[in-house]
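K.L.:
Next up is a structure, given as structure tokens.
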Amino acid sequence: MFLILLSVALVGVSAGGEFYERHLTIMLFVAVTAIFIFPNPLLWATTIGAFALELYLVFQLRNPDIEAGSALAGTLFFASGIAATLVARRTATILAQKTFLLELRDQSRLADLTDANARLELLARTDALTGVANRRSIMETLQRFWGRGSAHQEGAAILMCDVDEFKRLNDNLGHAEGDRSLVKVAGIIQSCMRDESDYVARYGGEETALLPNPTSCVVPYVTLSIGVATIHQSAPLSETELQRQADAALYLAKKDGRNSVVIYCPKLDQAALGYGCNKRGGWCRV
């Protein structure tokens, strides 16, 4: 940069006449432009401006066509312009840095907000006690599954599980033990999931292992009653109807003594499924 300024000044000096001062002015213009364009530190920008003013003053004092006072006055005039340029450059740099920091802060806040929203969404879909999905989550999953037609194309099954004599367990062993049982049951069921096509959620209070339940009328440990409903391509059902069938099967399992699995099977499917139905019709107990 220094060589460029010097060469422009020397061209004017060697040309002489009207080109003498004109090239010196162009040299100052080049210095001002360089201060703005190049991302130099403030010290270097100031050095460039000072060097240009020094060249201007030295060559103007050697100019036979002007007086020393005029050369000094011109130098002071251009010095004020270069000083204003340096101030403007510094101000622009500060504003750019502030803008950059504000953008970083906004990006950081946006990232924090996104993480917070993700955590809230996870909490909204997760049962706080057991850590598995909650009722809202399972309902949305069923709607998506049925919405894309997977239920009728691939088949599906719903198992409604209920902890037997759970109220007795809470009343006699305390709610802490009841909570521990629910957490353990949910963990065991979760560990039995085969792949991403299996999904477990806490649907209700104790509806979701051998844990002690000495007050149970069934056996002295925690047992489950399970109602099962299945869907096949030959018998399309809505997710609401399949849930109703599973819930009805669960009701029968608890009514007939608990600690059992009851499969809902319409009469027309008895032979195909290989299950014998009881006298109530439409139910299979295993």
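K.L.:
Give the range 207-249 a look and list any residue that's assigned to a strand (DSSP E or B), hydrophobic (A, V, I, L, M, F, W, C) and either under 21 Å from ARG135 (Cα atoms) or at pLDDT 85 or above (or both), or say none.
P.N.:
Those that are assigned to a strand (DSSP E or B), hydrophobic (A, V, I, L, M, F, W, C) and either under 21 Å from ARG135 (Cα atoms) or at pLDDT 85 or above (or both): LEU224, ILE226, VAL228, ALA229, ILE231.
K.L.:
Can you name the condition, by its number, that PHE166 falls short on among (1) farther than 30 Å from THR215 by Cα; (2) touching a helix residue (DSSP H, G or I) at 6+ places or on another chain (Cβ under 9 Å); (3) aromatic (Phe, Trp, Tyr)?
P.N.:
Going through (1) farther than 30 Å from THR215 by Cα; (2) touching a helix residue (DSSP H, G or I) at 6+ places or on another chain (Cβ under 9 Å); (3) aromatic (Phe, Trp, Tyr) one by one, PHE166 breaks only (1).
K.L.:
Residue under question is ARG136, and the condition is that it be farther than 30 Å from CYS217 by Cβ and surrounded by 14 or more Cβ atoms within 10 Å (Cβ to Cβ); does it hold?
P.N.:
no
K.L.:
Okay, moving on. Residue by residue through the range 83-118, note down the ones that are surrounded by 13 or more Cβ atoms within 10 Å (Cβ to Cβ) and either touching a Pro at 6+ places or on another chain (Cβ under 8 Å) or at pLDDT 85 or above (or both).
P.N.:
ALA83
K.L.:
For the range 46-85: of the residues being hydroxyl-bearing (Ser, Thr, Tyr) and more than 17 Å from GLY16 (Cβ to Cβ), which is farthest from the chain's Cα centre (by Cα)?
P.N.:
My answer is SER70.
K.L.:
Might you let me know whether the range 21-41 holds any residue that is surrounded by 12 or more Cβ atoms within 10 Å (Cβ to Cβ), out of contact with any Ser or Thr (no Cβ under 9 Å at 6 or more places or on another chain), assigned to a helix (DSSP H, G or I) and among the acidic types (Asp, Glu)?
P.N.:
Yes, that holds for at least one residue.
K.L.:
Right, something else. Does the range 69-82 contain any residue that is among the aromatic types (Phe, Trp, Tyr) and surrounded by 14 or more Cβ atoms within 10 Å (Cβ to Cβ)?
P.N.:
Checked against the condition, which is being among the aromatic types (Phe, Trp, Tyr) and surrounded by 14 or more Cβ atoms within 10 Å (Cβ to Cβ), the range 69-82 yields at least one hit.
K.L.:
Consider GLU121 against the criteria (1) outside the structural domain of ALA246 (by TED's automatic domain parsing); (2) surrounded by 13 or more Cβ atoms within 10 Å (Cβ to Cβ): it satisfies all of them except one. Which criterion is unmet?
P.N.:
Every listed condition holds for GLU121 apart from (2).
K.L.:
Would you tally the residues in the range 131-179 being modelled with pLDDT of 85 or more, assigned to a loop (DSSP other than H, G, I, E, B) and under 33 Å from the mean Cα position of the chain (by Cα)?
P.N.:
So the count comes out to 3.
K.L.:
Would you be able to say whether some residue in the range 115-128 is of a type in the set (Val, Ile, Thr) and assigned to a helix (DSSP H, G or I)?
P.N.:
The answer is no; no qualifying residue exists.
The values are calculated or read from the model by the stated rules, or taken from the named source; none is laboratory data. Treat the numbers as computed from the prediction; the structure is a model and nothing was measured. No Cβ is skipped: glycine too gets one built from the backbone with ideal geometry, and neighbour counts run over all protein chains shown.
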